[in-house]
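A.B. asks: Quick one: structure below, then a few questions.
The values are calculated or read from the model by the stated rules, or taken from the named source; none is laboratory data. Computed from a predicted structure; not experimentally measured. Every residue, glycine among them, receives a Cβ derived from its backbone with ideal geometry; neighbour counts consider all protein chains shown.
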Amino acid sequence: MTTQPTRLLVCGGAGYIGSHMCKLLSEHGYHVAVVDNLSTGHKEAVRWGQLYEGDIGDSAFLSRVFADVQPEGVLHFAAKSIVSESVSHPALYYQNNVSASLNLFEQVRRIPGCPLIFSSTAAIFGVPRSERINEAHPKDPINAYGRSKLAVEQALQDYWAAYGMPSMAFRYFNAAGADPSAVIGEAHEPETHLIPKVFQSILGDPVPLKIFGDDYETPDGTCVRDYVHVNDLCMAHLLGLRFLRLHRGAHAFNLGNGAGFSVREVLKTAERITGTAVRHELTDRRPGDPSHLVADSSAARETLGWEPQHIGLEDIMRTAWTWHRNRSPVKHDGA
Ligand code: UDP
């Protein structure tokens, strides 16, 4: 009989989703250790486990970490994740997301039965061929980010077939929001994601927010995305770990709320929450952006028992606003 993994290694645990994962895992009694090269993550976000500072592409470093931690499960969040950057600098994506992941898997596959949970993305699907995207949707990415993540998903299938390395890939749609404690949240430098950019603009960023194109085939012409709360994503990982104990294999699930919101709707929601207008201007489309990405997550709901708690855009954005307002040096009287 397999036992519940208790020592977990979280790669990328200083980042946005990884740090929320560490908090949730430690609240559920897991022992957490973090590997992060702090290229985009933050030391101060590592509050729930020891930090091993280094790169998953460094085999000697990883060997030392694995010998020290002796993980019974690995969660892999460490990656580059900006679509536009992947278009202009694909080498970064193949190096960091593919090559370094395979390096990590060399360690994982030496531990018999050690489960691996992998952060994948809706970008593996490319241009949607249906209103909502389920797991059977064709995988035809249109940017290097999506291609790098799909390559790793395919490797996971092969590693299960050949080495018996159990895994679960989660395709996130648009991760958003922050833990209600507001001690961790989304903090990229430079920031490129829509919701943090909107709140930065409200908090006084002098550069007007750019809307990347309003000539898409969507109701208001701006891109539509499925925003899903970061803690809901993390809860799926917890359920995934439990599921893998009994159902070994290489699994993959799509994680989103199943509702799409346009860029303009995100702006309006931020204005409603804060009572402040968002200064913005319209510019050209951003390379690599599909017009809409909305999840069909019925498989995760039915198979894992996943039940997102934050289902409205306003609810999700309010948690992000609390985080941004708390860390901003600029006072804001909005709700
Ligand atoms: N977007 C925008 N202005 C920005 C940032 C993003 O119009 O400053 C748009 C972007 O083109 C996309 C949507 O907002 O359609 C969500 O982008 P984000 O970078 O947050 O996530 P992605 O969907 O690329 O993972």
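A.B. asks: Restrict the check to the stretch 191-202 and report whether at least one residue is away from the ligand (no atom under 12 Å from the Cβ), under 16 Å from L24 (Cα atoms) and in contact with an Asp or Glu (Cβ under 9 Å, 6 or more places away or on another chain). Can you show your working first?
C.D. replies: Taking the stretch 191-202 as the starting set, the residues that turn out to be away from the ligand (no atom under 12 Å from the Cβ) are 202.
The next check asks that each one be under 16 Å from L24 (Cα atoms); those that pass are none.
Scanning the stretch 191-202, I find no residue that is away from the ligand (no atom under 12 Å from the Cβ), under 16 Å from L24 (Cα atoms) and in contact with an Asp or Glu (Cβ under 9 Å, 6 or more places away or on another chain), so the answer is no.
A.B. asks: Let me ask you something else. Which is under 29 Å from F105 (Cα atoms), among the small types (G, A, S), outside any loop (DSSP other than H, G, I, E, B) and within 16 Å of the ligand (Cβ to nearest atom), of A175, A162, A187?
C.D. replies: Residue meeting the stated conditions: A175.
A.B. asks: While we're looking at this one, here's another question. Report yes if Q157 is among the polar types (S, T, N, Q), part of a helix (DSSP H, G or I) and either at positive phi or within 12 Å of the ligand (Cβ to nearest atom) (or both), otherwise no.
C.D. replies: The answer is no for Q157.
A.B. asks: Now for a separate question. Might you let me know whether the stretch 215-225 holds any residue that is modelled with pLDDT under 95 and within 11 Å of the ligand (Cβ to nearest atom)?
C.D. replies: Within the stretch 215-225, none of the residues are modelled with pLDDT under 95 and within 11 Å of the ligand (Cβ to nearest atom).
A.B. asks: Just wondering, is there one or more residues in the stretch 109-130 that are over 16 Å from the mean Cα position of the chain (by Cα), buried (at least 18 other Cβ atoms within 10 Å of the Cβ) and more than 16 Å from the ligand (Cβ to nearest atom)?
C.D. replies: Checking the stretch 109-130: at least one residue is over 16 Å from the mean Cα position of the chain (by Cα), buried (at least 18 other Cβ atoms within 10 Å of the Cβ) and more than 16 Å from the ligand (Cβ to nearest atom).
A.B. asks: Out of the residues in the stretch 67-85 meeting the condition of being assigned to a loop (DSSP other than H, G, I, E, B) and within 13 Å of N97 (Cα to Cα), tell me which one is farthest from the ligand (Cβ to nearest atom). Explain how you work it out, then say what you get.
C.D. replies: Kept after step one, since they are assigned to a loop (DSSP other than H, G, I, E, B), are these residues of the stretch 67-85: 70-72, 77-82.
Filter again for within 13 Å of N97 (Cα to Cα), leaving 77-82.
Working: F77: 15, A78: 17, A79: 13, K80: 12, S81: 7, I82: 7 Å.
Step by step, filter the stretch 67-85, then rank; the result is A78.
A.B. asks: Find the residue count for the stretch 125-172, including only residues that are touching a Lys or Arg at 6+ places or on another chain (Cβ under 6 Å), among the aliphatic types (A, V, I, L, M) and under 24 Å from P287 (Cα atoms).
C.D. replies: Going through the stretch 125-172 one residue at a time, the tally reaches 1.
A.B. asks: For the stretch 211-229, give me each residue that is crowded, with 19+ Cβ neighbours inside 10 Å, touching a residue at least 60 places away in the same chain (Cβ under 8 Å) and not in a strand (DSSP E or B).
C.D. replies: Of everything in the stretch 211-229, those that are crowded, with 19+ Cβ neighbours inside 10 Å, touching a residue at least 60 places away in the same chain (Cβ under 8 Å) and not in a strand (DSSP E or B) turn out to be Y216, C223, D226.
A.B. asks: For the stretch 1-30, give me the residue count where each residue is at pLDDT 95 or above and over 20 Å from D179 (Cα atoms).
C.D. replies: 3
A.B. asks: Take the stretch 87-104 and flag every residue that is more than 16 Å from the chain's Cα centre (by Cα) and among the small types (G, A, S).
C.D. replies: Answer for the stretch 87-104, where residues must be more than 16 Å from the chain's Cα centre (by Cα) and among the small types (G, A, S): S88, A91, S99, A100.
A.B. asks: Under the condition of being more than 25 Å from R147 (Cα to Cα) and of a type in the set (G, A, S), which residue from the stretch 260-284 is nearest to the ligand (Cβ to nearest atom)?
C.D. replies: Residue satisfying both the conditions and the ranking: A270.
A.B. asks: Let me ask something else. Which of the residues spanning the stretch 136-146 are more than 15 Å from the ligand (Cβ to nearest atom), more than 18 Å from N174 (Cβ to Cβ) and surrounded by 14 or more Cβ atoms within 10 Å (Cβ to Cβ)?
C.D. replies: The one that is more than 15 Å from the ligand (Cβ to nearest atom), more than 18 Å from N174 (Cβ to Cβ) and surrounded by 14 or more Cβ atoms within 10 Å (Cβ to Cβ): K139.
A.B. asks: Next question. Show the residue pairs meeting these rules: Cβ distance below 6 Å; 6+ apart or different chains; first residue within the stretch 199-210 and buried (at least 16 other Cβ atoms within 10 Å of the Cβ); second residue small (G, A, S).
C.D. replies: L203/S328; L209/S201
A.B. asks: Hey, another quick one. Please enumerate the residues belonging to the stretch 285-326 that are among the basic types (K, R), in contact (Cβ under 8 Å) with a residue 12 or more places away in the chain and more than 16 Å from the ligand (Cβ to nearest atom).
C.D. replies: Here is the first cut: in the stretch 285-326, the ones among the basic types (K, R) are 285-286, 301, 318, 325.
Now drop any that are not in contact (Cβ under 8 Å) with a residue 12 or more places away in the chain, which leaves 285-286, 318, 325.
Passing the criteria: R318, R325.
A.B. asks: Something else now. Is it true that F243 is touching a strand residue (DSSP E or B) at 6+ places or on another chain (Cβ under 9 Å), of a type in the set (F, W, Y) and assigned to a helix (DSSP H, G or I)? Quick ask: steps written out before the conclusion?
C.D. replies: Details: touching a strand residue (DSSP E or B) at 6+ places or on another chain (Cβ under 9 Å): yes; of a type in the set (F, W, Y): yes; assigned to a helix (DSSP H, G or I): yes.
So F243 fits the description; yes.
A.B. asks: Another question about this same structure. Can you tell me how many residues in the stretch 257-270 are touching a residue at least 12 places away in the same chain (Cβ under 8 Å) and outside any loop (DSSP other than H, G, I, E, B)?
C.D. replies: Total meeting the criteria: 9.
A.B. asks: Return only the number of the condition from (1) within 10 Å of the ligand (Cβ to nearest atom); (2) in a helix (DSSP H, G or I); (3) buried (at least 20 other Cβ atoms within 10 Å of the Cβ); (4) of a type outside the set (A, V, I, L, M) that D232 does not satisfy.
C.D. replies: (1)
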